[in-house]
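Notes to accompany the following structure.
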Amino acid sequence: MADPSSYRPKPGQIPDSPGVYKFRDEHGRVIYVGKAKSLRQRLANYFQDLAGLHPRTRTMVTTAAAVEWTVVTTEVEALQLEYTWIKEFDPRFNVKYRDDKSYPYLAVTLNEEFPRVQVMRGAKKKGVRYFGPYGHAWAIRETVDLMLRVFPVRTCSAGVFKRSAQIGRPCLLGYIGKCSAPCVGRISPQEHHELAEDFCDFMAGRTGAYLRRLERQMQDAAEDMEYERAARLRDDIGALKRAMEKSAVVLADATDADLIAVAEDELEAAVQIFHVRGGRVRGQRGWVTDKVEAVTTGGLVEHALQQLYGEERGDAVPKEVLVPALPEPVEPVAQWLSERRGSQVSLRIPQRGDKKDLMATVGRNAQQALALHKTKRASDLTTRSRALEEIAEALGLDTVPLRIECFDISHLQGDDVVASMVVFEDGLARKSEYRRFQIKTFQGQDDVRSMHEVIGRRFKRYLQEKQKSGEWTEEPAGDPQEDVDGVTGGSGVVTVHDGEPEPDPLAGRPTDEDGRPKRFAYPPQLVVVDGGAPQVAAARRALDELGIDDVAVCGLAKRLEEVWLPEEDDPVVLPRSSEGLYLLQRVRDEAHRFAITYQRSKRGKRLKSSPLDAVAGLGDTRRQALLKHFGSVKKLRAATVDEICEVPGVGRKTAETVAAALAGAAPSAPAVNTATGEIIEDDGAPPAALSAERGQER
């Protein structure tokens, strides 16, 4: 590991002007390329105290052994040179998008004497017009089949074309009217080239004028009583309209635009692009990348723009590019795009209307692409095995952790404090083993104390199960009768919450001899907690109090993805490309999702509770009928037994029970509208919206 101070240039040597810089490793390989408005200010950021650098930046500067730079005149030139060097050197620490598939294009070879329409993949060639990309090659062939009726352009290979010219007889497409047969001289090279140009104009979105021209020709033919020609034109118009219907109108103003959306997490990012021409989606593509460098959403957008338009010129760069976040600064990027197009390009974030709605659709596609990528990655056996081995090596474990349990605490400003436990076995989620906890020993917000309680309850139950099976001969620490769900003794087939029995969520699972579900019979090799050193210390202390020393503990801090170990002052920083880090992150995120889902449902039940819920024998139907008849719980409480009996389906015995229950229940404090100060009547209905913001949840 190199010391950045060993190759740091003197401040006076670095020019204060725009430029592009390269970091090289000890073998002379370029490992990072960047651009800057001021080289002096930008490079100074890399040579500060290592503790203040982002972990990925810290890894890069300690891997490098030299830095060099090239001065340019403008920021636009810097952007172009940066793209050129990234393509040339392929630096390991730069974001590099990779296609998640090789997308097919509809290509027209205008560089040939007789242009050909075909499906093409791979690198683009000079002199060829491309349309797309398309999701599937069959979508291109269906479109072309409809278009050839009106634009009978050559589609055959060079060998078939040459063979037909030698024998003086066209292929089948020439006989059925789907090729103008230039191979046998039915059409001149110039006429065929014009036909190919018309095909390209129609595919580029200039459809209205051509359809109107065909409709006029059809009407003229009908007036001249050339009914067969009019019928052919009618069928041509129908074929073109069917081809247009294959790409639905998404923007009514016939806009030419590319929409770029980004879905990202701490480790990876997915980019989706919709190509809209003439208001219709003409193509779609996507990339997935590892976030090797510390990069913002705007930076990801800038890299995507370089990837998309670095080799493009003219109309291939649209008039409008819509993005979720603007690069910083945006002016050089917009100017670079305009230079490549040859006219002004608008680079902006859509704020309202159809374009904003379409951007949301592109964003959902990006989210799905990222989720699919993660699913494929997680399902690979080799990858999972490597991840477990990397975790064992990083944490100093004797064996790979085949069973990992992760715990997370969730609450809303100290209310409804709950915890979750998720289980991963062999790198895959085992949802049947997930568990939820309510914090019982104290009230308020204290994540460290909550973590200590949950870990203690989980492993106390494990010791009980071990003792029952005869594997444990000593009395476990703590009260051996306490159950993690708060039930003392019993068979464990019911869970008590606020005095009301609920069905056991584990019904139907394997049980031991006395019918007790084996909830916590299997110990993990590794316990992961969502948090840093304090949470890890609390979990370790809970295990030590129970005498358990064969279970490893670590914590994953969300901010910098650092792995904390008990009694260690410094965290373990796994490599950015580590499959072990990816697995730990996925375990932690799943625990957070499971915890916050439980916390929200618990809070929702509390907010929707009503005094009528405690009335024995009163179901939802009659409860709703009572509220509908009286309008509110307040008015129902003031009603007499005879008035309650007037509600359809409510007998006198039930009415007496309702009246007694409401008389014994203390009326709740009036709700106050915090915006206006007015008192809100108690209508017994659930609140329309929760006053707390989602961002306050933990």
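The values are calculated or read from the model by the stated rules, or taken from the named source; none is laboratory data. These numbers were taken from a predicted model, which means no experiment stands behind them. Positions of Cβ are generated from backbone atoms using ideal geometry, with glycine treated the same way; all protein chains shown enter the neighbour counts. Ligands, DNA and RNA are stripped out before the accessible areas are found, and what is left, the full protein with its side chains, is counted by its heavy atoms. Shrake-Rupley method; radii C 1.70, N 1.55, O 1.52, S 1.80 Å.
At a glance:
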item: Inter-site label distance for residue 544 and residue 290 at 7 Å from Cα along Cβ, in nm; result: 3.7 nm
item: Filter on 124/162; 35/125; 440/634; 125/162 - keep pairs with C-alpha separation over 27 Å; result: 35/125; 440/634
item: Fraction of beta bridges assigned by DSSP in the stretch 518-578 that are antiparallel (%, nearest 5); result: 45 percent
item: Sum of side-chain charges, residue 644 neighbourhood, beta-carbon under 15 Å (Lys, Arg +1; Asp, Glu -1); result: +4
item: Heavy atoms of residue 343: accessible area, 1.4 Å probe, square angstrom to 10; result: 50 Å²
item: Enclosed volume per residue, in Å³, of the convex hull spanned by Cα atoms of the stretch 336-420; result: 263 Å³
item: Span from the the stretch 1-62 Cα centroid across to the the stretch 327-369 one, whole angstrom; result: 30 Å
item: Whole-number percent relative contact order across the stretch 14-82, with pairs defined as alpha carbons under 8 Å at least 6 apart; result: 47 percent
item: HN-Hα J in Hz across the stretch 126-131 - Karplus 6.51, -1.76, 1.60, θ = phi - 60°, x for Gly and Pro; result: 6, x, 10, 8, 10, 10
item: Ordering of 415-425, 13-23 by packing [mean C-beta count within 10 Å, highest first]; result: 415-425, 13-23
item: Largest-first ordering by accessible area, 1.4 Å probe, given options 426, 642, 258; result: 642, 426, 258
item: Long-range HN-HN contacts of residue 529 with modeled amide H, under 5 Å; result: 407, 554, 555, 556
item: Solvent-accessible surface (1.4 angstrom probe) belonging to residue 54, in square angstrom, nearest 10; result: 70 Å²
item: Probe 1.4 Å - accessible area at residue 589, Å² to nearest ten; result: 60 Å²
item: Normalised convex hull volume, the stretch 308-368, alpha-carbon set, Å³ per residue; result: 100 Å³
item: Length released on extending from residue 352 to residue 214, taking residue separation times 0.36 nm less the Cα-Cα span; result: 46.0 nm
item: Rg/Rg_ref, the stretch 1-131, where Rg_ref = 2.2 N^0.38 Å and atoms are Cα; result: 1.43
